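These notes concern the structure reproduced below.
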Amino acid sequence: MGTDPAKGTFEAVVASAPAGLRRICRALRAVIAACDPGRVEVAWPRQRIASFGVGPRKMSEHYAYIGVQGAYVNLGFYHGTSLSDPQGRLEGTGKQLRHVKVRSVREARGPAIAGLIRQAIKERRAPGA
């Protein structure tokens with residue numbers, strides 16, 4: 001796993017969250033790690049975001065981010081409009097970005113979340129992505 005310590009650490013992002021949300025953040029990170037052991041991770045503690053990708057460039061190489069909110073954790077997808085979402089979990093109206101509001105560790109570890117993450121990784125690793 002590659003990281004950019006000059007930006008910050010995942011734990012610094014998580015430190016800004018209430019205890020219950022910290023567990024959700026760590027569970028989501030573990031699912032991402034299981035799906036992509038070679039991921040690149042960049043954290044922005046001031047923005048309360050940790051981002052994951054195939055390289056260091058946010059919009060062109062990253063596929064997902066974990067963002068701490070007030071009452072939930074956003075699992076965002078930089079190219080979320082290209083993902084298949086049969087359960088209708090993805091939210092957002094932007095040109096490309098979509099997110100899922102994750103409110104429990106159980107939800108974070110569920111098959112729907114892992115499926116979206118795997119799709120996002122595949123999309124970013126595709127030739128010409």
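Taken together, the values in this text are just the output of simple stated rules run on the coordinates, not laboratory data. As the structure is a prediction and not an experimental result, all values here were calculated from the model. Backbone-built Cβ (ideal geometry, glycine too); neighbour counts: all protein chains shown.
Here segment 50-129 is assigned +1 on the Cβ of each Lys and Arg and -1 on the Cβ of each Asp and Glu. Its dipole about the Cα centre then comes out at about 100 debye. From the alpha carbon centroid of segment 23-42 to that of segment 52-129 is 12 Å. Cross-link partners of Lys58 among aspartates and glutamates, defined as those whose alpha carbon lies under 13 angstrom from its own and excluding same-chain residues fewer than eight positions apart: Asp4, Glu41. Work from the charge dipole of the chain (Cβ charges, +1 for Lys and Arg, -1 for Asp and Glu, about the Cα centre) and give the residue of Ser104, Gln47, Pro86 farthest towards its positive end. Most positive-ward Cα: Ser104. Here the Karplus relation 6.51 cos²θ - 1.76 cosθ + 1.60, evaluated at θ = phi - 60°, turns the backbone of segment 72-77 into coupling constants of 7, 10, 7, 9, x, 10 Hz, with x for every Gly and Pro.
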